[in-house]
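The values are calculated or read from the model by the stated rules, or taken from the named source; none is laboratory data. These figures come from a predicted structure and were not determined experimentally. Reconstructed Cβ throughout: ideal geometry from the backbone, glycine too, with neighbour counts over all protein chains shown. Side chains are part of the model used for accessible areas, which takes the heavy atoms of the whole protein and leaves out ligands, DNA and RNA. Shrake-Rupley method; radii C 1.70, N 1.55, O 1.52, S 1.80 Å.
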Amino acid sequence: MNDMKYLQSLCYLLLVGLFACQAPEKDEYALNADFVDKQLQDAVAQYQVMANRLEPDALPKTYYQRDDSLETSGTRWWTSGFYPGSLLYLYEFSGDEALLKEAQAKLSQLEKEKDNTGTHDLGFMLYCSFGNAHRLAPDSAYRAIMLRGAESLGTRFNTTVGCIRSWDHNGDKWQFPVIIDNMMNLEFLNWASRESGDPKYAEMSDTHARTTLKNHFRDDYSSYHVIDYDTLSGEVRNRHTAQGATHESAWARGQAWGLYGYTMMYRDTKDQAYLDQAQYIADFILDHPNLPEDGVPYWDFDAEDIPDAKRDASAAAIIASALLELSTFAEGGTATKYLQASERMLKSLSSDAYKAPTGSNGGFILLHSVGNIPGNSEVDVPLTYADYYYIEALMRYKKRLSED
Ligand code: GLY
């Protein structure tokens, strides 16, 4: 090669190198607006099917293909707020008044739970439902119901422990059980303080989140499901599981609740410790060698029959929604990592592998979730909360696209 040619080749290589360094990394999982709208349109069609077959007093829990039966609940069950919440998101997307009417009928049934002091799940029950209704059309009646509900939830806070009590059952096994899921009810308390001007709800929420951060997590930032506290000393008595594979395993939905909970706590408080915790949890999930290629976790990261273990689409939907929000708080490559992981999960959930054809699945959108394997209940079935967080994630993604 003569000198001239050598110089030309060198320049060419330098230019290619420069271009490669500057070219934005291609996001192979990015979803476009048409794709997102199509998923939401399919969801609307499914929830019209669901609304048509549901008995007037019933709220959907799951569906069994073997005998084409819906399993439903009354309003006291912890999942009662998800169906009206999903309907409201889908009404927001479509403007379909029939979905709004169906949601309003369910809200009327749910209202009585505002006085329920026997559960920690009032955030799921009342904030996912009335919270969305109030967001779309502020209403003093909704506001009053929710403030009453927040008051009821607050009765479960114990100042010695610094947490809201989760369950009243299993008194022989646990003294004051707190489950990681309970992080999800704090958003309701934060709202109540903003809305009422009374800081007490947000103070309980902040204390609960801090106590949980201290006691619920292992060194690798995975979380236990149940922490049992001593009500006299406030000390931890037991670190257990209820729905995971073992006491020391990482139950997938528990990791999802923790991720969503600390992301939401950062949104509401701007406390850096909560953002750090959310990112540690996200990294535990996303860097885990047992997270499958399609991003839909096994029901437990330590399930003994991996790779044959059941997947949990509900965990993927919750994680996808949380990561979308976390990606707006994180910086640089970390934000991209969270966004792309969320897109990967949403793409998988929207594929035939996890999404039911319209008209099937009892009107539920997603297949393949797991409620409680140790309890042999709701194994590899649709679940109302899997649909709720999947719809929420799609709506978050749609909003993000419109803001770009
Ligand atoms: N909060 C109960 C569950 O996640 O199954």
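Worth pointing out:
- Subset of region 310-327 [open to solvent by less than 10 Å² (accessible area, probe 1.4 Å) and more than 14 Å from ALA341 (Cα to Cα)]: ASP312, ALA313, SER314
- Lone unmet requirement of (1) surrounded by 15 or more Cβ atoms within 10 Å (Cβ to Cβ); (2) under 26 Å from ASN182 (Cβ atoms) for LEU100: (2)
- Selection status of ALA245, within 16 Å of the ligand (Cβ to nearest atom), under 23 Å from ASP305 (Cα atoms) and not in a helix (DSSP H, G or I): yes
- Taking helices (runs of 4 or more DSSP H) as the structural unit, those lying wholly within region 258-349 and holding at least 2 residues that are touching a Gly at 6+ places or on another chain (Cβ under 7 Å) and at pLDDT 95 or above correspond to 332-349.
- Scope region 160-203; condition farther than 27 Å from ALA250 by Cβ and in a helix (DSSP H, G or I); matching residues: TRP191, ALA192, SER193, ARG194, GLU195, SER196, LYS200, TYR201, ALA202, GLU203
- Filter result for the condition that a residue is more than 23 Å from the chain's Cα centre (by Cα) and closer than 26 Å to GLN279 by Cα, over GLY197, GLY162, GLY123: GLY162
- SER166 in contact with a Pro (Cβ under 8 Å, 6 or more places away or on another chain) and closer than 21 Å to SER129 by Cα: yes
- Any hit, region 227-239, residues being within 14 Å of the ligand (Cβ to nearest atom) and closer than 27 Å to ILE306 by Cβ: no
- Considered as a group, the residues in region 250-294 that are within 15 Å of the ligand (Cβ to nearest atom) and either farther than 17 Å from LYS310 by Cβ or among the polar types (S, T, N, Q) (or both) include one that is surrounded by the most Cβ atoms within 10 Å (Cβ to Cβ), and that residue is LEU259.
- Pair list, Cβ < 6 Å and 6+ apart or interchain, from region 247-264 residues that are farther than 17 Å from GLY295 by Cβ to residues that are open to solvent by 10 Å² or more (accessible area, probe 1.4 Å) and within 15 Å of the ligand (Cβ to nearest atom): HIS247/HIS240; HIS247/THR241; TRP251/GLN243; TRP257/ASP181; TRP257/MET184; GLY261/MET184; MET264/GLU187
- Enumeration of residues in region 199-222 that are open to solvent by 40 Å² or more (accessible area, probe 1.4 Å) and among the β-branched types (Val, Ile, Thr): THR207
- Check on GLY123, under 24 Å from LEU186 (Cβ atoms) and outside any helix (DSSP H, G or I): no
- Test result for GLU378, open to solvent by less than 30 Å² (accessible area, probe 1.4 Å), within 16 Å of the ligand (Cβ to nearest atom) and at positive phi: yes
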